[in-house]
1. Between Q245 and T157, what length in nm is gained on full extension when 0.36 nm per residue of separation is reduced by their alpha carbon distance?
2. How big, on average over all directions, is the shadow cast by the Cα convex hull of segment 306-347, in nm²?
3. Want the number for R124 to E32: 0.36 nm per residue separation, take away the alpha-carbon distance, what's left?
4. Stick to the Cα atoms of segment 33-136, pair each with every other, and give me the Kirkwood hydrodynamic radius in Å at one decimal.
5. Using the Karplus equation 6.51 cos²θ - 1.76 cosθ + 1.60 (θ = phi - 60°), what ³J(HN,Hα) coupling, rounded to whole Hz, does each residue of segment 318-335 give in order, writing x for Gly and Pro?
6. Can you work out ³J(HN,Hα) from phi for every residue in segment 142-153, in order, using Karplus 6.51 cos²θ - 1.76 cosθ + 1.60 and θ = phi - 60°, giving whole Hz and x for Gly and Pro?
7. Points 7 angstrom from Cα along the Cβ direction at T55 and K113: gap in nanometres?
8. Under 5 Å between amide H atoms, partner at least 5 residues away or on a different chain: which partners does T114 have, H built in plane at 1.01 Å?
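The values are calculated or read from the model by the stated rules, or taken from the named source; none is laboratory data. Keep in mind that this is a model prediction, so the values were computed, not measured. Glycine gets a Cβ as well: all are built from the backbone with ideal geometry, and neighbour counts include every protein chain shown. Protein only, heavy atoms only, side chains kept; ligands, DNA and RNA dropped before computing areas. Shrake-Rupley method; radii C 1.70, N 1.55, O 1.52, S 1.80 Å.
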Amino acid sequence: MSENSNQFLDALKQMQGVEVGDIVDVEVLDVEEGQIDVGVENAGIEGVIPRREYTSDRNVDLREAVKPGDKLKALVLRKAGGDKENGEFFFSVTRLKEREAYDELQKDFEAGKTIEGTVTSSVRGGLLVDVGTRGFLPASLISNRYVSDLKPFIGKTMKLKITEIDPSKNRLILSHKDLIEEEREEAFDKVASQLVVGDVVEGKVSRLTNFGAFVDVGGVDGLVHISEISYKHVDKPSDVLKAGQDVKVKVIGIDDDRHRISLSIKQTEPSPFEQATADLHEGDVFEGEVKSLTNFGAFVEVADGIQGLVHVSEISYKHVDKPSDVLKVGQKVKVKVLNIDPGERRISLSMKAAEPKNSENEGNRSHSSYNRNSVNKKYMNNDDSGFALGDIIGDQLKDRR
């Protein structure tokens, strides 16, 4: 058989073998405004690549993008219904690229790899991203925080995770939030391993909310609840803090399961109780004002907002049935400090121990004088009274026995 006959048979085989779904080599024959005319190499089969099957960019000038004689790989889409010899096919370059991209993306998905993509546009509910093919990034998966404006993301390159892929439906769902969470967990584990509750560290305010402030401590945000910002009352965190501000914080909680770190700003400073009692010692004697009376004793002001308890048994060496029998609110009395408990913020006082010493009652103990003004601090508040409600109730129950 001659050489020409062999070439003819090879070409015939190729013509007979071209089917929808095949990937073929084509040569550009001519370029028109809306399509590219091509022929399958060595097959004698011609067809067209419509503009939309060559590029998704409507601004591309096909005559500038390709020239006659250029070689392309294309996917056979379908056979046209014309009467031309050997029939006519429609080809696609974009769908071939998508198929190849999906093959690679499927591997990345199965391996759990991170990919990169460029945001091309925003649509209702999310962003369209070019990752070799078009993927969809839902608004809820852009960040671990609520995103209201999608436009700033257009044109940006983002690291992404594939959450769902189905080539048959051209369905590709992406997530940036999953990547943020993974990185956050890794950062948390690293930072948390270096911290223990009670540590005092330097941080920077990253953002403010109505319920508190998030402070960056080593690359991880910890929460300073509004109640832990200051010993004074705070209406809004933004009233006393601002983003970017350097602050000193104390670690008051680490939740490994929820990857949360709880912080306090106020606990890095002396409490009102500590400030008020800095110069107060056991054995000091001073004059104070009775602020309130109960069945079990009298509360006497030590400093502004700070009170100590004179138990009914410490009012007098004589028997006292009710404090109100011998005392009244507003009365000035001399008291002696029996005990100061900083942990429980308690101050125990005694009136009878402050009376002039005598052989029967006082013994030979000496008393140090105490100037009340030295602890009359301006930072005191009514919540730091020095006695917890549980202590008061406990004493009441004790008296009823």
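1. Working: separation 88, 0.36 × 88 = 31.68 nm, distance 2.98 nm.
Working it through step by step, the gained length comes to 28.7 nm.
2. Mean shadow area of the hull around the Cα atoms is 3.6 nm².
3. Values: separation 92, 0.36 × 92 = 33.12 nm, distance 3.45 nm.
Taking 0.36 nm per residue and subtracting the Cα distance, the gain is 29.7 nm.
4. 15.8
5. 7, 5, 10, 6, 9, x, 5, 6, 10, 10, 9, 4, x, 6, 8, 9, 9, 10
6. Ordered by residue, 3J(HN,Hα) equals 6, 8, 7, 10, 5, 10, 9, 10, 8, 4, x, 7 Hz.
7. 2.8
8. Here nothing satisfies the definition.
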